[in-house]
Amino acid sequence: MNATNTQEVTNNVQYMKPVGKGSLWRKVYKNRALYLFISPFYILFLIFGLFPIFFSLYLSFHKWSGLGKMEFVGLKQFTYLLTDTTFWQSVGNTFAIWFLSTIPMLFGALVIAFLLNTPLLKFKGFYRTAFFVTNVTSIVAVTIIFKSIFGNHFGLLNYVFTMIGLNPVEWLNSGILIKVVIASMVIWRWTGYNAIIYLAGLQSIPNTLYEAAKIDGANLVQMFFHITIPLLRPIILFTVLMTTIGSMQLFTEPQVLLGNSGGVGGAGVTITMYMYKQAFVDNQYGYASAVSWVLFGIIALFSLLNWKIVQKTGAK
Amino acid sequence: MNGKFSRLKNIALHFLLLIGVFISIFPFYWLIVMSTNKTSDILKFPPKLIFGNEFFTNINNVLQNVDFFKSFLNTLFVSTTSAVAILFFCSLAGFTFAKFQFPGKKILFTLLLITMMIPSQLSFVPSYIMISKMGWVNTFPALIIPGLANAFGIFWMKQYSEEAIHDSLLDAGRLDGCNHFRLYWNIGLPILRPAFAFLGIFSFISVWNDYLWPLVVLNDPAKYTLQVTLSQLNGIYNTDYGLVMAGTLLATLPLIIIFMFVSRQFISGIAAGAIKD
């Protein structure tokens, strides 16, 4: 069976190559309806995906305010970018928020998934819905609500702080605390989402593994670190990657929370927000395009790095 | 003894989970508190922590300051149209990739997967320039068309079609003389219905909540979507909490209600989509 299959495949290849274009085109023509069915994606991608990417590369070598002539400046905008401290500040801000949000979020998600995976747990559906509902709430709404919770003077959290004898904190007047507030919104919105993904992964781990561990006298914490985490590695890797890519593109939270200025000293300006400001506030379309390419490079590099690190630590 | 221990453990388990639920639900509670109270009651120390009865006053203030109803209809229109069109184009393409053979299929599908990895920021600025050159600023096509045929939806529909639709059914259809489109329409569509529920609601929610793109391509308040209107409200009336929160509540509630009805299928859809990747 297998042998005939391979033979058939080789036959096919031989048949298709020498006979050449005529029969291939006939095949394509015969299936023209099928190409029509899948064509919308490729047409739209050409127009709104591929063309803009080349256009953006072109723009990044030009100075252009959107009106009048484009001025070719070569790599100047990229070299300027390297020395642009506000840009590097936005890179630093983005990474700081990424760091503050990713670890607590993914760890929290793992714990929730682990708890929800308890056999015969009651109200599982309720819990899943309650944890996930944060993710269908719009980021604009979340930010507006969190802004009032973390208000400098009349925020709810400061009220609670005063009640338990702590000093109120001016959350939005400190560069670091601004990032904490933004990270807390990311954590709130995405922990349930990641928990649901982990839960799906956990359900593929056979219960017998846990039972065997229990017989060997392992406790819950040991099971969590020695069974759950190692077996979930590929899924954890996936969520780390997705979270990283998402964090690098953060925009709505800081923009709605702090406005286009990005808060005190620009402490909340992320890379995407910086790009947005360059393009749509300052009309520097060429420079904004250069920023988007550097952002792309950072995402690619950082994803790769993440991938390597998670793979290495998992392999031990 | 053992029974007592496991009962304790059970209580501890629910206790931990309920802490999580509290964190998750509290902002919604606080949103309702704020939108049902006078701003002065929220901003005093101690603030009012329970529901009030100023909701309709606050709503009235929203409606007097912005055309909230218009934004609502705009959003509803854009989200619904997008979702329906996405369902059609993605299911047709996904079904085609899953169930038919044609030259170049592998390469085309790989290309599609690669496009999923390109961050949208890269094409963001030029897309806006194109939209403005096309005269699409302040139009709904600018919001609907670019997102119509998305790679994720096609990928999702392909996976689902492969699992759910048996080739024998399609063979029977061919014997009855169905052409490719009939096979999709008469045999594929009815079987794909559960996948439609997920992708449809997923797309609807994503478009409803989208902010950056509408913010850029819309500058006429009559065309604003809810998220843009909300952000404007927040920027302009930021001292009037009651007003801003009432608007936020109104803009958020429809999605939460929809989600409550479909949460089960929706959540398993999200999980399945992620695990398959």
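What you get for chain A, charging only the Cβ of Lys and Arg (+1) and of Asp and Glu (-1), is a dipole of about 1000 debye around the Cα centre.
Averaging Cα coordinates gives a centre for the stretch A:152-187 and one for the stretch B:72-103; these two points are 43 Å apart.
Note on A:118-125: average number of Cβ atoms from other chains within 10 Å of each residue's Cβ is 3.
How high is the relative contact order of chain A? Use alpha-carbon pairs under 8 Å, at least six apart in sequence, and give a whole percent.
Details: 312 pairs, mean separation 82.1, N = 316.
Relative contact order, chain A: 26 percent.
Highest mean first, the peptides B:54-67, B:170-183 sorted by other C-beta atoms within 10 Å per residue fall in the order B:54-67, B:170-183. The loop-placed trypsin sites (Lys or Arg not before Pro) in the stretch B:1-58, going by DSSP, that have at most 13 neighbouring Cβ atoms within 10 Å of their Cβ come out as B:Lys44. Say each of A:Asn152 and A:Leu24 gets a label point 7 Å from the Cα, pointing the same way as Cα to Cβ; how far apart are those two points in nm? Reported label-point gap for A:Asn152 and A:Leu24 is 6.7 nm. Each of B:Ser120, B:Phe181, A:Ala130 was scored by the projection of its Cα onto the charge dipole of the protein assembly as shown, and the greatest displacement toward the positive side belongs to B:Phe181; charges sit on the C-beta of Lys, Arg, Asp and Glu. What does the net charge come to around B:Gly188 if you take all other residues with beta carbon closer than 15 Å to its beta carbon, with K and R at +1 and D and E at -1? In short, 0.
The modelled label-to-label distance between B:Ile191 and B:Ile256, using points 7 Å beyond Cα along the C-beta direction, is 4.0 nm. Could you report the accessible area of A:Phe55 in Å², rounded to 10, computed with a 1.4 Å probe on the protein chains as they sit in the structure? Using a 1.4 Å probe on the heavy atoms, I get roughly 40 Å².
Taken along the Cα-to-beta-carbon direction at a fixed 7 Å, the label points for A:Ile298 and B:Phe181 span 4.8 nm.
Mean residue ellipticity at 222 nm, helices only, chain B: -24000 deg cm²/dmol; runs of at least 4 DSSP H residues each add -39,500 (n - 2.57), and the sum is divided by the number of residues. Taking one quarter of the surface of the convex hull spanned by the alpha-carbon atoms of chain A gives a direction-averaged projected area of 27.4 nm². Expressed per residue, the C-alpha convex hull volume of the protein assembly as shown stands at 213 Å³. Close amide-amide hydrogen proximity is noted between A:His62 and A:Val73, each under 5 Å apart and 5 or more residues distant or on a separate chain (H modeled in the peptide plane; Pro and chain starts excluded).
Among the residues of the stretch B:122-144, those with an accessible-area drop of 50 Å² or more from chain alone to full protein complex, heavy atoms and 1.4 Å probe, are B:Leu122, B:Val125, B:Pro126, B:Ile129, B:Met130. The distance from the alpha carbon centre of the stretch A:44-120 to that of the stretch B:163-195 is 42 Å, rounded to a whole number.
Which pairs, out of A:Lys76/A:Lys277; A:Lys124/B:Lys38; B:Lys158/B:Lys223; A:Lys179/A:Lys277; A:Lys122/B:Lys99, put more than 30 Å between their alpha-carbon atoms?
Long pairs (Cα-Cα over 30 Å): A:Lys124/B:Lys38; B:Lys158/B:Lys223; A:Lys122/B:Lys99.
Within the assembled protein chains, the solvent-accessible surface assigned to A:Ser261 is about 70 Å², based on a 1.4 Å probe.
Comparing Cα centroids, the stretch B:1-58 and the stretch B:199-258 end up 24 angstrom apart.
Which parts of the stretch A:263-285 would a label at A:Thr85 reach, counting a residue when its backbone N lies under 14 Å from a point 7 Å out along Cα-to-Cβ? Answer for the stretch A:263-285: A:265-267.
The values are calculated or read from the model by the stated rules, or taken from the named source; none is laboratory data. Keep in mind the model is a prediction, meaning the values are calculated, not measured. All Cβ positions, even for glycine, are placed from backbone atoms using ideal geometry, and neighbour counts span all protein chains on display. Each accessible area value is taken on the protein alone, full model and side chains, heavy atoms only, with ligands, DNA and RNA left out. Shrake-Rupley method; radii C 1.70, N 1.55, O 1.52, S 1.80 Å.
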